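Below: one structure, written as structure tokens.
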Amino acid sequence: MPAPGHLKRSQRENLLSELKNSNSPQLIQRILILLLMDDGKTYQEISDFLDCGYRTVAYWCIHSAISL
């Protein structure tokens, strides 16, 4: 479910900063999921692009909405 523009500017900047500084593949994947969702990509498009499971994308998109 695409949600373009759901991140505030400061949230997006924080995610981009963390992406540059992170050494954790899991964290990088989660950040990319959120950034791609913010760009309006569907769960399936994100899943295909990152070569990860659809359920993984859906999980992090839904659970990040709670913490953002």
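Observations
- Using C-alpha pairs under 8 Å with a sequence gap of at least 6, the mean separation divided by the residue count of the chain gives a relative contact order of 39 percent.
- The chain: calculated mean residue ellipticity at 222 nm from DSSP helix runs of at least 4, using -39500 (n - 2.57): -22500 deg cm²/dmol
- Computed with a 1.4 Å probe over protein heavy atoms only, the accessible surface of the chain comes to 68 Å² per residue.
- Net charge of neighbours whose Cβ lies under 12 Å from the Cβ of Ile28, counting Lys and Arg as +1 and Asp and Glu as -1: +1
- Only Lys, Arg (+1) and Asp, Glu (-1) charged, at Cβ; the chain dipole about Cα centre in debye: 200
- With every protein chain in place, the chain: carbon and sulfur % of accessible area (1.4 Å): 53
The values are calculated or read from the model by the stated rules, or taken from the named source; none is laboratory data. Keep in mind the model is a prediction, meaning the values are calculated, not measured. We place every Cβ from the backbone using ideal geometry, glycine too, and count neighbours over all the protein chains shown. Each accessible area value is taken on the protein alone, full model and side chains, heavy atoms only, with ligands, DNA and RNA left out. Shrake-Rupley method; radii C 1.70, N 1.55, O 1.52, S 1.80 Å.
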